[in-house]
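Student: Pasting a structure here, questions to come.
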Amino acid sequence: HVWMTAGMLLMALSSHTLAAEWNMPVGVTDVSREIYSLHMTIFWICVVIGVVVFGAMFYSLFRYRRSKGAKAAHFHEHTTVEVIWTAIPLLILIAMAIPATATLKKMYDASEADLDILITGQQWRWHYSYLGEDVEFTSSLGTPREQISGNAERGENYLLEVDEPLVIPVDRKVRLLMTSDDVIHSWWVPDLAVKQDAIPSFVNENWVRINEPGVYRGQCAELCGKDHAFMPIVVEAVEPEKFETWLEERKAAAAEEAMGVDREWALDELMERGEQVYGAICASCHQPDGSGMPPTFPALAGNQALMDDSAHHIDTVINGVSGTPMPAFSSTLNPVELAAVITYERNAWGNETGEAIQPSE
Ligand code: CUA
């Protein structure tokens, strides 16, 4: 009976469907597949060790039990046995270390990449910057909060969407440089076998070469504050030609955005834009109605010190406030977005209304 049960368990573990549900994902990169097979090799070595050790133990328990008249042997040391039980584990460890080291070496070799992307963790979104390409954007939670909480209450599965996925080409070596603007985050996408800490004032590196086009999901994997659970990652892997097209479109859009700095923006245009930016970025701390969560996150509504002095207001948003959770937004937001959000805040909660802060200021 015991052997039949054990046999069935082993069969179930090695069957594909069950393995897919309970096991780690095989993933879509060479490295992820290597890690998976390493994991399986070590898993089966452990299973064999477990079976041998527990088998010997239970065999001895039953075979030499007291009711059968067995007597415990008393002896002090046994050199042969000690040498054997030191040598065998050592050999097993070496046998496991050889392929593991080879995989580790491969994982950490981010040299000669075709594309470099700087990933910056920010409470609570990811900023992606395609180095040398003048393309950068912020990727934040795209699923409406009401939908998430509603689904959770109904016990339904839900996917956390982002407003802008990270787009990368397949069959290209992409180097991922990670850092953070505030606290430690961790960029984790299981299918890519990448889980890399994003640490303020450090730059970590990792890399991927994705073999199959598709959408791969992940989440921030380091507890980073109130909205840690709402810092999803969506990676869209596309064919290289499609990637080039996408990159050109993004560059054109960025150029158009830059041109927006030179023209006069009407108040209502800036207000509309500013409300979006405020909702996506500022509202997580300062609350949608600007009421804040004093003392850590000051209220904007009725904040005389800030609203009476537009220069102070602009400086606060662009440079942040050192020693507080307020980060500098100079790299996160472009000039149009900065002008829009400052205009929005001043008109929504300031005393003077009808004021439009222009991007060129
Ligand atoms: Cu960022 Cu958790």
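The values are calculated or read from the model by the stated rules, or taken from the named source; none is laboratory data. Owing to the predicted nature of the structure, the values given are computational and were not obtained by experimental measurement. Cβ sites come from the backbone with ideal geometry, for glycine too, and all protein chains shown count toward neighbours.
Student: Please state which one of GLU222, GLU256 is out of contact with any Ser or Thr (no Cβ under 9 Å at 6 or more places or on another chain) and either more than 16 Å from the ligand (Cβ to nearest atom) or not in a strand (DSSP E or B) (or both).
Tutor: Result: GLU256 is the single residue among GLU222, GLU256 that is out of contact with any Ser or Thr (no Cβ under 9 Å at 6 or more places or on another chain) and either more than 16 Å from the ligand (Cβ to nearest atom) or not in a strand (DSSP E or B) (or both).
Student: Could you tell me how many of the residues in segment 280-300 are surrounded by fewer than 16 Cβ atoms within 10 Å (Cβ to Cβ), over 25 Å from the mean Cα position of the chain (by Cα) and more than 20 Å from SER322 (Cα to Cα)?
Tutor: Residues meeting the conditions: 3.
Student: Please specify each residue of segment 225-253 satisfying the condition of being surrounded by 14 or more Cβ atoms within 10 Å (Cβ to Cβ) and in a loop (DSSP other than H, G, I, E, B).
Tutor: Hits for segment 225-253 are GLY225, ASP227, MET231.
Student: Restricting the search to segment 119-136, which residues are small (Gly, Ala, Ser) and near the ligand (Cβ under 9 Å from one of its atoms)?
Tutor: Listed by number, the list holds a single entry, GLY121.
Student: Taking the stated definitions as given, is TRP207 modelled with pLDDT of 95 or more, part of a strand (DSSP E or B) and within 16 Å of the ligand (Cβ to nearest atom)?
Tutor: For TRP207, the condition - modelled with pLDDT of 95 or more, part of a strand (DSSP E or B) and within 16 Å of the ligand (Cβ to nearest atom) - is not met.
Table: residues versus (1) of a type in the set (Phe, Trp, Tyr); (2) part of a loop (DSSP other than H, G, I, E, B).
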{"position": "TRP265", "(1), (2)": "yes, yes"}
{"position": "ARG273", "(1), (2)": "no, no"}
{"position": "GLY279", "(1), (2)": "no, no"}
{"position": "GLY290", "(1), (2)": "no, yes"}
{"position": "GLY302", "(1), (2)": "no, yes"}
{"position": "LEU306", "(1), (2)": "no, no"}
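Student: Also, I was wondering about something else. Assuming GLN123 fulfils every condition listed in (1) surrounded by 10 or more Cβ atoms within 10 Å (Cβ to Cβ); (2) not assigned by TED's automatic domain parsing to the domain that holds TRP188 apart from one, which condition is it?
Tutor: That leaves (2) as the condition not met.
Student: Do we find a residue being within 12 Å of the ligand (Cβ to nearest atom) and surrounded by 17 or more Cβ atoms within 10 Å (Cβ to Cβ) anywhere in segment 265-279?
Tutor: The answer is no, given that none of the residues of segment 265-279 is within 12 Å of the ligand (Cβ to nearest atom) and surrounded by 17 or more Cβ atoms within 10 Å (Cβ to Cβ).
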